[in-house]
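K.L.:
This structure is in structure tokens; I'll ask about it shortly.
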Amino acid sequence: MINQKLLNPKSIVVVGASNDVQKPGGKVLKNLLSSDFKGNVYAVNPKENEVQGITCFAQVEDLPQVDCAILAIAAKYCPASVDVLAKTKDTGGFIILSAGFSEENAEGAKLEKAIVDSINSVNGSLIGPNCTGFLNTSYCGAFDAPIPPLNPQGVDFITGSGATAVFIKEYGITNGLSFNSVWAVGNSAQMGIEEVLEHLDNTFDPEKSSHVIMLYMENVRNPQKLLKHASSLISKGCKIAAIKSGSSAAGSRAASSHTGALATSDVAVDALFRKAGIVRCHNREELTTVCSIFMLPEVKGKNIAIITHAGGPAVMLTDALSNNGLNVPHIEGPAADELLTKLFAGSSAGNPIDFLATGTAEQLGIIIDYCEHKFDNIDAMAVIFGSPGLFPNWEVYEVLDQKMKICKKPIFPILPSIINVKDEIHDFIRNKHRINFPEECVFGNALAKIVRTPKPQPIDAPVPQVDVAAIRHVIEKADNGYLGLDDIRTLLDAAGIGCKKEVEVTREQDAVNHARKVGYPLVMKVVGPVHKSDVGGVVLNVKNEETVIREFNRLIKIPETYAVEIYPMLFGTEIFIGASREDKFGHQVLFGIGGIFIEVMKDVKSALAPVNRDEALSLLKDLRGYKIIQGIRGQSPVNEELFAETVARVSALVTAAPEIAEMDLNPLLGTPTSITAVDARIRIEK
């Protein structure tokens, strides 16, 4: 638990306080004194007797008992000061703004560890070091600006970067976003983003707690803790949006299989966020827009009415919504005809509802009432109303504010004229405490992203039963590296995954004998090379003994080949399932359209193990090539239930055998009645 002396202290000291408000020690004291903090404030600076009107102590030893300490002194002096405060001044909350710790060098890391040890010894809590600070509705312990509007129902913002937090706050504040708390965790020496989420989860009160959480992450230190507490919070009614930076292809690792090439850390982050129900964002504008949408009533469906006095923005918003899976349904019938009689000639009620540049505040109110009460195929409204500079918008925004108070359907204000009617927008945001979405396409894309993000997956969902004993027997006797075909077949059988019945041969006569036994047509493949097709190591539709002899002698000579695999030719749609163990995340299971073009098309979905059948089934429907799964142009469909069941069985296999570093089933052949693994590679790394 986070120490209450950090969250709600009765007294605070700024160690390194300064009269120079351009220094962290000066600015943090100024911000603290300007905040709503009601307790005692102390300052420590050996060179001053008074700092910003506060009596100043020469050293921490001279202080009275103090709940919370904010340190803005050189790193080398921090351990001793923390030790005195923790052990003699009953200090339980610490915010260390100073840099020069683990982010800099090994010596700094030692200083950091000593600080954490001292604070842990008294069950204290630490924000930082190397951070911009912490603020909540009790006090401001941060040195940066701006200080956002604070209210208990505002956003809880947790960030790994203080500088980025400044820019995120600026953009959000400009458009009316308010905050409940800002946690700039810096080096996260004791407490990082996951620990703050844990605290918010454990202390969540549906009546008093904020219901919106914003995250900026540069790394995921503890994916399982993040998953547990984020999904728990969302299940309790919270909404979470996050940026995880560092997602470029330059961060991908080289790998020896299809799965390894596809399963980057960023794919694992996507899978983690999706499983938790977190809306993943990729820039500050998107993040603050998503959180701003979260602050309004939830959209219960996908049908949006666009109310506008300007055609162009309405068309662009229609495109943004429609292209991302939301609907702008046509409005027609007696109610629509009736609405038109109340608007100026030339207006349109078809959706977008365009009431022209001459439209009035009264007409806007009428349109909103019709969408609220008479148009049953509308779930929410987006109102676009700016100004060409000919007239003020006071009355329009007053009507908009009043309707937002009484309507049950969400209303999203898109007020783009941030210069022409800046005073009216400022009043709408500051005095009416509303949020503005100044750019319609940013809003549309953000709303669609929210609607598309699924609810958290149940952590205890049922998974297929597998023969764990048989799996462990293979794994425990295996060496690191790729398993042989016999071991692979045993693992697949133990997991209940259908696979082809093949043999490996090293002599021409053995190949001929097997062909005579099983009949034609056959498939012949090299055993050894990773990418068989790339080296000409796959022969399909072998129909006679002459071809068996010729191709065996060609295949066995391909470099790295130590045997030739032979099995009856199978038919079906090529699909793919793989698994990869990602550091800290555990296994991610990937699946989608298979075959030789998998790394080009990359039409693959990813989920963190354990994956249940329902989760896999929902992801299958999101594949770009889903129509191929359904069957297209005369092709037989793939049994989706069996496909999803096989994904869940691969998940159960790697859960029983965490030593599996990479697993590649490509292709599997899917038919209406079966899923059969044709080619399989499993690499063990203990």
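K.L.:
Considering each of 503, 474 in turn, give the residue that is at pLDDT below 95 and either in contact with a Gly (Cβ under 9 Å, 6 or more places away or on another chain) or β-branched (Val, Ile, Thr) (or both).
P.N.:
503
K.L.:
So if I check each of 230, 189, 241, which one is in contact (Cβ under 8 Å) with a residue 12 or more places away in the chain and more than 17 Å from the chain's Cα centre (by Cα)?
P.N.:
Within the list 230, 189, 241, the selection yields 189.
K.L.:
Return the residues of region 134-151 that are of a type in the set (S, T, N, Q), part of a loop (DSSP other than H, G, I, E, B) and modelled with pLDDT under 95; say none if nothing qualifies.
P.N.:
Result: no residue meets the conditions.
K.L.:
Pairs needed: first member in region 362-374, over 15 Å from residue 333 (Cβ atoms); second member anywhere, surrounded by fewer than 16 Cβ atoms within 10 Å (Cβ to Cβ) and modelled with pLDDT of 95 or more; C-beta distance under 6 Å; at least 6 residues apart or different chains.
P.N.:
366/342
K.L.:
Hey, can you tell me all the residues within region 269-316 that are within 21 Å of residue 219 (Cβ to Cβ) and in contact with a Phe, Trp or Tyr (Cβ under 6 Å, 6 or more places away or on another chain)?
P.N.:
280, 284
K.L.:
Of everything in region 145-179 that's of a type in the set (Ser, Thr, Tyr) and free of Cβ contacts under 8 Å to residues at least 60 places away in the same chain, which residue is surrounded by the most Cβ atoms within 10 Å (Cβ to Cβ)?
P.N.:
From region 145-179, those of a type in the set (Ser, Thr, Tyr) are 159, 161, 164, 171, 174, 178; that's our starting set.
Going one step further and asking which of them are free of Cβ contacts under 8 Å to residues at least 60 places away in the same chain, we end up with 159, 161, 174.
Numbers: 159: 26, 161: 19, 174: 15.
Top of the filtered list is 159.
K.L.:
From the set of residues in region 361-411 that are of a type in the set (A, V, I, L, M, F, W, C), modelled with pLDDT of 95 or more and part of a loop (DSSP other than H, G, I, E, B), which is nearest to residue 297 (Cα to Cα)?
P.N.:
Across region 361-411, the extreme among qualifying residues is 407.
K.L.:
Select the strands (runs of 3 or more DSSP E) contained entirely in region 572-686, then report the ones holding at least 1 residues which are among the acidic types (Asp, Glu).
P.N.:
Where strands (runs of 3 or more DSSP E) fall fully within region 572-686 and carry at least 1 residues being among the acidic types (Asp, Glu), they are 573-582, 660-670.
K.L.:
Looking at 455, 449, can you tell me which residue is over 20 Å from residue 173 (Cα atoms) and buried (at least 20 other Cβ atoms within 10 Å of the Cβ)?
P.N.:
449
The values are calculated or read from the model by the stated rules, or taken from the named source; none is laboratory data. Since the model is a prediction, treat every value here as computed from it, not as a measurement. A quick note on method: Cβ atoms are made from the backbone with ideal geometry, for glycine too, and the neighbour counts reach across all protein chains shown.
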